[in-house]
Amino acid sequence: MPIYEYYCYDCKQRVSVFFRTISAASDDAAACPTCEGKRLHRLVSKVRMLRSEESRMEALADPSLMSGLESEDPRALAGFMRKMSDEMGEPLDAEMTEVMDRLEAGESPDSIESSLPDLPPGDFD
């Protein structure tokens, strides 16, 4: 069951079009699911790769991700946390996104922790 991405010239949106079979999939048969327009331009879609949990854990064990953590570099900590979020499929909420942005700017974890009263104590310990 293929899903193709198109740009719709009528509603000016990027849309996904689902076809029941590969043989039914054609640019001529595609219609915008938003406005039902037929003036579509097929786009190159992102590719997703299914990986086992073991494979994701191995990716997190990459020594290059760990560099900087032993020297307590806030930027390295933020990079590692973002990679963990991506690998585990757990998106960061708004508060954690703010924390990651501040770490990437070089702010110390202690400074961030003291300025966010809603964080449970010891989150960065």
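Brief remarks follow.
- Test result for residue 68, under 20 Å from the mean Cα position of the chain (by Cα), at positive phi and modelled with pLDDT under 80: no
- Hits in region 85-95 - residues which are assigned to a helix (DSSP H, G or I), farther than 20 Å from residue 113 by Cα and out of contact with any Leu (no Cβ under 9 Å at 6 or more places or on another chain): 86
Table: residues versus (1) outside the structural domain of residue 8 (by TED's automatic domain parsing); (2) assigned to a helix (DSSP H, G or I).
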| position | (1), (2) |
| --- | --- |
| 24 | no, no |
| 30 | no, no |
| 35 | no, no |
| 38 | no, no |
| 69 | yes, no |
| 75 | yes, yes |
| 83 | yes, yes |
| 97 | yes, yes |
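- The single condition from (1) of a type outside the set (D, E, K, R); (2) under 27 Å from residue 4 (Cα atoms); (3) at pLDDT 80 or above that residue 25 fails is (3).
- For residue 16, the stated conditions hold: it is surrounded by 10 or more Cβ atoms within 10 Å (Cβ to Cβ), at pLDDT 85 or above and small (Gly, Ala, Ser).
- Number of the exception - residue 10 against (1) surrounded by 14 or more Cβ atoms within 10 Å (Cβ to Cβ); (2) of a type in the set (Asp, Glu); (3) touching a residue at least 24 places away in the same chain (Cβ under 8 Å): (1)
The values are calculated or read from the model by the stated rules, or taken from the named source; none is laboratory data. These numbers were taken from a predicted model, which means no experiment stands behind them. Every residue, glycine as well, gets a Cβ built from its backbone with ideal geometry; the counts of neighbours run over all protein chains shown.
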